[in-house]
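Visitor: Here's a structure for you.
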Amino acid sequence: METCTGPSLVESALKELHAYAKLLYLRSGRQFEDKTSYQEPEDEASLDESGNEGDSFKNVPLGNLDEDLLRREFLDRLSETVSSEKRGPHVVASHMFYWPDKVKVFVAINLGFAKDDVLSSFLGNLCIVLKEIAAVPDNQTEKHENALWQMLLRHQSSRLNTAIGDVQKIMENSQWFLPQHSSLESTSDVVVVTDLDGFILDLGLKRLVKLLSSDADSDLERYDSLVSLSYVLHQDIPVERFQDLGPAGDKLHRAIGFLGRLKRSFQILVAAAKQILGFDDLSLIPVVTDRLKTGKKRSGQEWNLDQTLHALKLQLSNTEVDKLSTGFSRLKSPTWQVHAEIQLILFILSHPDQVANGKRFDYIGCSRYSCLLCSKFLHYFQGIKTRGCHGKLYNHSWTLPPGDNLGEGEQHMLYGAVMEVISWMRKELIGSVMLSAQRRAEVKESTIGGSFIAIPGMSQENRQRSYAVSEYLHRQRAQNSHVQSNKERFVSSIHFFIAILDIYRDVC
């Protein structure tokens with residue numbers, strides 16, 4: 001196997017990679033390996049432990065708040081936010097470089113940014129608002145946060161309509177979704193909340209039904225109410241409570257999570273703007289590409305099955321070859337696809353002036369899990385990580401650009417990683433059973449992900465009030481194993497009831 005990087009050898013290496021990908025697919029199916037997620041080092045604190053969610057992070061010592069963790073969260077949520085539609089062409093990835101006084105984030109999309117297109121304009125406007133939040137004093141950010149929230153709601157309208165439709169469909173098909181038991185107990189003189197989670201879920205789902213069936217003054221007002229309420233329900237109610245509702249409980253929990261995810265993204269964007277140094281001089285740079293190259297037509301003759309088996313030195317029976325031959329010839333697409341993660345790497349290698357003297361953050365944020373080949377390539381290309389890999393193999397379309405405009409050193413880096421991927425493929429294929437009878441079930445490629453902020457309101461007062469309620473919920477769950485007197489339960493229930501009514505009145 002060659003290791004040089006001349007143009008003809010580069011083309012040959014890619015043909016070898018494409019051929020091995022087909023064989024791997026024929027052996028294992030599209031779901032090549034199990035879904036994997038990014039694992040935090042044990043000594044890194046969770047953002048849930050920061051304890052400052054309701055207040056500004058600016059001028060607050062980092063303490064347990066890990067800035068690298070916040071950078072990763074920001075890149076993932078930024079990518080989710082920019083990706084305003086479903087499906088593969090709209091997958092977005094982002095990569096950060098930073099200096100002592102500024103930050104640059106490069107953003108790519110599978111279908112490719114075009115100069116001055118709608119997505120590029122959105123990215124520019126988003127950058128302006130985040131810089132404003134970073135630059136002004138803490139007590140002056142509210143109007144900028146409100147502007148950001150309205151911008152996100154407008155940009156994500158297509159996804160929100162889909163998510164709203166999913167929630168509505170589940171509820172319409174499951175008339176029994178409300179808890180069949182009461183979470184209230186009456187005595188002669190008091191009313192006590194006996195099941196706090198059941199109570200808030202009961203209240204929240206009833207409110208959700210009302211919002212779904214009512215006409216708001218504007219689409220943005222309706223989006224705001226539905227997203228905020230869904231986020232509170234998904235964040236604060238254990239999944240087991242949804243499962244208690246019946247067979248559709250899990251589906252409802254997931255659907256509500258997807259509907260509320262924009263609130264989480266909003267809060268993380270704001271937290272990053274306030275906390276990460278250099279955001280007052282932030283640049284969000286779209287990777288503008290020739291869309292014909294990101295989805296380019298096939299050219300040249302690809303390896304056939306005989307060439308592939310010969311390169312691997314595999315001896316198969318005639319029966320095995322016949323079975324493989326039919327599938328091998330069918331596995332092709334009219335175009336090659338350069339995924340967003342790969343576009344980022346190529347763009348940065350070909351624009352060294354953009355990142356001169358900057359520090360690269362060794363993580364690429366993605367709007368959903370990376371595919372198997374992107375994940376392997378990034379691993380061998382200087383160990384760059386993502387939020388995770390969905391384990392699927394896109395054998396028929398995945399490729400890299402030729403890199404003809406790169407210098408010799410950059411081309412060596414790019415295709416050195418390609419050769420490592422090929423080496424991994426060879427090890428997987430040599431000595432394995434070509435026709436496996438067992439296939440993994442395909443997993444979902446999207447993710448709801450984690451969260452470190454649960455704030456349904458827009459004003460500073462609402463944020464503080466809702467944070468207090470969230471803290472109350474966590475304290476109540478921790479106390480579930482202790483026996484409380486009727487008087488204690490009554491006092492706690494009244495405090496909670498007043499707080500939750502305030503939130504739903506102001507937010508919903």
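Here, each number is a calculation from the coordinates, and none is a lab measurement. Not measured: the values here are computed from a predicted model. Here the Cβ positions follow ideal geometry from the backbone for every residue, glycine too, while neighbour counts run over all protein chains shown.
Visitor: Among GLU341, GLU33, rank each residue by its count of other Cβ atoms within 10 Å, from fewest to most, as a rough exposure measure.
Guide: Numbers: GLU341 26, GLU33 15.
Ordered from fewest to most neighbouring Cβ atoms within 10 Å, GLU341, GLU33 come out as GLU33, GLU341.
Visitor: May I pose another question? Mind jotting down the distance between the C-alpha centroids of the stretch 242-283 and the stretch 338-380, whole Å?
Guide: Taking the Cα centre of the stretch 242-283 as reference, the centre of the stretch 338-380 is 24 Å away.
Visitor: Moving to a separate point now. Name the trypsin sites (Lys or Arg not before Pro) in the stretch 311-411 that are in a loop by DSSP and that have at most 16 other C-beta atoms within 10 Å, would you? The partial results should precede the final answer.
Guide: Values: sites: LYS313, LYS323, ARG330, LYS332, LYS359, ARG360, ARG368, LYS376, LYS385, ARG387, LYS392; in loops: LYS313, LYS332, ARG368, ARG387.
Loop-located and lightly packed - LYS313, LYS332.
Visitor: Just want the ordering: TYR231, TYR380, from fewest to most Cβ atoms lying within 10 Å of their own Cβ. Can you show the working numbers first?
Guide: Numbers: TYR231 27, TYR380 17.
With the fewest neighbours first, TYR231, TYR380 line up as TYR380, TYR231.
Visitor: Tell me the net charge near ILE364. Cut-off is 11 Å between Cβ atoms, ILE364 excluded, with +1 for each Lys or Arg and -1 for each Asp or Glu.
Guide: Values: positive: ARG72, ARG360, LYS385, ARG387; negative: ASP76, GLU341, ASP362.
That works out to +1.
Visitor: Using the Kirkwood radius over Cα pairs, work out the Stokes-Einstein diffusion coefficient for the stretch 222-343 at 10 °C and 1.306 mPa s, in µm²/s as a whole number.
Guide: On the way: Rh = 20.6 Å.
Once the numbers are plugged in, D ends up at 77 µm²/s.
Visitor: I've got another one for you. Kirkwood hydrodynamic radius, the stretch 338-384, all distinct C-alpha pairs: what's the number in Å?
Guide: In the stretch 338-384 this quantity evaluates to 11.5 Å.
Visitor: Among ASP236, ASP76, which comes first, then next, by fewest other beta-carbon atoms within 10 Å? Walk me through the numbers before you get to the answer.
Guide: Numbers: ASP236 21, ASP76 27.
Going from least to most buried by this count: ASP236, ASP76.
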